[in-house]
Every structure is written in C-alpha cells, then in structure tokens.
1. Please report, as a whole percent, how much of the solvent-accessible surface of the chain comes from carbon and sulfur atoms (probe radius 1.4 Å).
2. Could you give the length gained by full extension between LYS20 and GLU49, i.e. 0.36 nm per residue of separation minus their alpha carbon distance, to one decimal place?
3. Among PRO48, VAL28, THR17, pick out the residue whose Cα is farthest towards the positive end of the charge dipole of the chain, where Lys and Arg carry +1 and Asp and Glu carry -1 on C-beta, about the Cα centre.
4. Can you give me the Kirkwood hydrodynamic radius for the chain, using every pair of distinct Cα atoms, in Å to one decimal?
5. State in Å² the accessible area per residue of the chain; use a 1.4 Å probe, count heavy atoms of protein chains only, and round to the nearest integer.
Amino acid sequence: MTSEFELDCATCGSSLTRRKVAADRFGVGSLDSVEVAECPNCGGRYFPETTLERLRS
C-alpha cells in the first residue's frame, strides 16, 4: 500500500516530506504532536490514515 509520504503534492507536484505538527493546532489537546506529509514548496498538508485515526480518538 502506498502512503502519503511516497506521493507527490497534488497541488504543485513536489515530493512530500514527513513532519510532526503540534496537535493543538487541530483542536486536539490530548496529543502532543501528529505526523503529516507536507509539501516544502507550497505548504500543502496531507494527513496519513494513522494520523486521522489518532485525531478521531
């Protein structure tokens, strides 16, 4: 299965990078940080399934 980290940005086509972001930015104070796939070129963020599961719980 392909993960978000292996894909290119849907907006600009650049390679995505793995980044930790403070969870409180998404209104989840019970978590310290979550992992996102972020585009260093345009700033687009993509949320891996594992991150979405953590945010839902």
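1. Working: 1750 of 3870 Å².
Carbon and sulfur together cover 45 percent of it.
2. Working: separation 29, 0.36 × 29 = 10.44 nm, distance 1.46 nm.
Stretched fully, the LYS20-GLU49 segment lengthens by 9.0 nm.
3. With unit charges placed on the Cβ atoms, the residue in question is VAL28.
4. Values: mean 1/r = 0.0855 Å⁻¹.
By the Kirkwood definition, the hydrodynamic radius is 11.7 Å.
5. Numbers: 3870 Å² over 57 residues.
Accessible surface, normalised per residue, equals 68 Å².
The values are calculated or read from the model by the stated rules, or taken from the named source; none is laboratory data. Bear in mind that the values here come from a model prediction, so they are computed numbers and not experimental data. Because the Cβ atoms are built from the backbone with ideal geometry, glycine has one as well, and the counts that use them run over all protein chains shown. In case anyone asks, the SASA skips ligands and DNA or RNA and just uses the protein heavy atoms, side chains included. Shrake-Rupley method; radii C 1.70, N 1.55, O 1.52, S 1.80 Å.
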